[in-house]
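Report on the structure given below.
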Amino acid sequence: MYLLAVVGNGLVMAVVACDKSLHAPMYLFLTMLAFNDVLLCTVTVPKMLVIFWQGPSLSAFPACLTQMFFVHALFLSESAVLLAMAFDRYMAISAPLHYATLLTGSFIGKVGIALVARSVVVVTPGVLLILRLHFCRSNIIHHTYCENMGIAKLACNSITPNSTYGLTAALLTTGLDFVLISLSYWLILRTVFRLPSREARTKAFGTCGAHLCVILIFYSLAFFSFFTHRFGHQVPRHILILLANLYLLVPPTMNPIVYGIKTKEIRMRVLGFLSQPK
């Protein structure tokens, strides 16, 4: 799955970068998503594979905090890019005459800077709350990567501020993103219902359906993992670990297929690239 994610997202980025005709808002957002997916996988999966192959290994505390920061920051930026893509599709279908004037290159650049800034601003207090904890017991994290609550649960003092901040931040960022994405697709589908062509409606439903499946998998796995870490004390540990890995690995593996291969322009260019004579 990791190799599929890296190769698939790498192909999407290469095709968009090499073909100037694809330097449109939709494809630029798709490139952002592909780049974020590669980073999200690479931050967690290689370390997990090392644990599978060689057994548990020592990790310095600063390295563990660094991994924790990037895991949560990249997850937040993934959610923000999905929201930007939903807004892009809504504008393309609902306001096509204003699409080119609103979604300019400078606007997309500002969106990219904003989503990075949001991730840094939201995740940094979580790291600082970890630094205030006192660790006097075990230093073994029962996880394949350094996760916020996984580290916090090793502390001897109260982790209530950590849990409260994490829950609040998640609801105000990814929770709000999910609500806005759902609203965008509801408005898109309402517009699609009004299309006169049955073929156009079928094509739009197919595209939106695939997008919604990936979005539901991404958010349902993430929120289930997030809430069970705090409230699901009866959930077996191996289930928690499995879900925490799946929500970081399944979407990056599926996104190149759903967003890339199902997009006609990218599919034709990838096939043309692969069929070129050596």
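The values are calculated or read from the model by the stated rules, or taken from the named source; none is laboratory data. Please read all numbers here as calculations on a predicted model, not as lab measurements. Positions of Cβ are backbone-derived with ideal geometry, glycine not excepted, and every protein chain shown enters the neighbour counts. Each accessible area value is taken on the protein alone, full model and side chains, heavy atoms only, with ligands, DNA and RNA left out. Shrake-Rupley method; radii C 1.70, N 1.55, O 1.52, S 1.80 Å.
Could you list, in sequence order, the residues of segment 1-30 that are more than 14 Å from Pro252 (Cβ to Cβ) and either of a type in the set (Gly, Ala, Ser) or open to solvent by less than 50 Å² (accessible area, probe 1.4 Å) (or both)?
Passing the criteria: Ala14, Val15, Val16, Ala17, Asp19, Ser21, Leu22, Ala24, Pro25, Met26, Tyr27, Phe29.
So in segment 64-113, with the set limited to residues that are of a type in the set (Phe, Trp, Tyr) and over 20 Å from Leu221 (Cα atoms), which one is least open to solvent (accessible area, probe 1.4 Å)?
Going through the qualifying residues, I end up with Tyr99.
Take segment 19-30 and flag every residue that is small (Gly, Ala, Ser) and either assigned to a helix (DSSP H, G or I) or under 21 Å from Leu76 (Cβ atoms) (or both).
Ser21
Return a yes/no flag: does segment 141-156 have any residue that is more than 24 Å from Ile239 (Cβ to Cβ) and either assigned to a helix (DSSP H, G or I) or open to solvent by 30 Å² or more (accessible area, probe 1.4 Å) (or both).
Yes: segment 141-156 contains one or more residues that are more than 24 Å from Ile239 (Cβ to Cβ) and either assigned to a helix (DSSP H, G or I) or open to solvent by 30 Å² or more (accessible area, probe 1.4 Å) (or both).
Would you check if there is a residue in segment 115-127 being more than 21 Å from Leu82 (Cα to Cα) and hydrophobic (A, V, I, L, M, F, W, C)?
Within segment 115-127, one or more residues are more than 21 Å from Leu82 (Cα to Cα) and hydrophobic (A, V, I, L, M, F, W, C).
Could you tell me how many of the residues in segment 31-89 are over 10 Å from the mean Cα position of the chain (by Cα) and among the small types (Gly, Ala, Ser)?
Qualifying residue count for the region: 7.
Check Leu33, Leu49, Leu58 and return the single one that is outside any helix (DSSP H, G or I) and among the aliphatic types (A, V, I, L, M).
Matching residue, one of Leu33, Leu49, Leu58: Leu58.
Restricting to segment 33-58, what's the tally of residues that are open to solvent by less than 60 Å² (accessible area, probe 1.4 Å), farther than 16 Å from Leu11 by Cα and touching a residue at least 60 places away in the same chain (Cβ under 8 Å)?
Looking only at that region, the number is 6.
Among the numbered conditions (1) touching a Phe, Trp or Tyr at 6+ places or on another chain (Cβ under 8 Å); (2) more than 28 Å from Val43 (Cβ to Cβ), tell me where Leu154 comes up short.
Unmet for Leu154, out of (1) touching a Phe, Trp or Tyr at 6+ places or on another chain (Cβ under 8 Å); (2) more than 28 Å from Val43 (Cβ to Cβ): (2).
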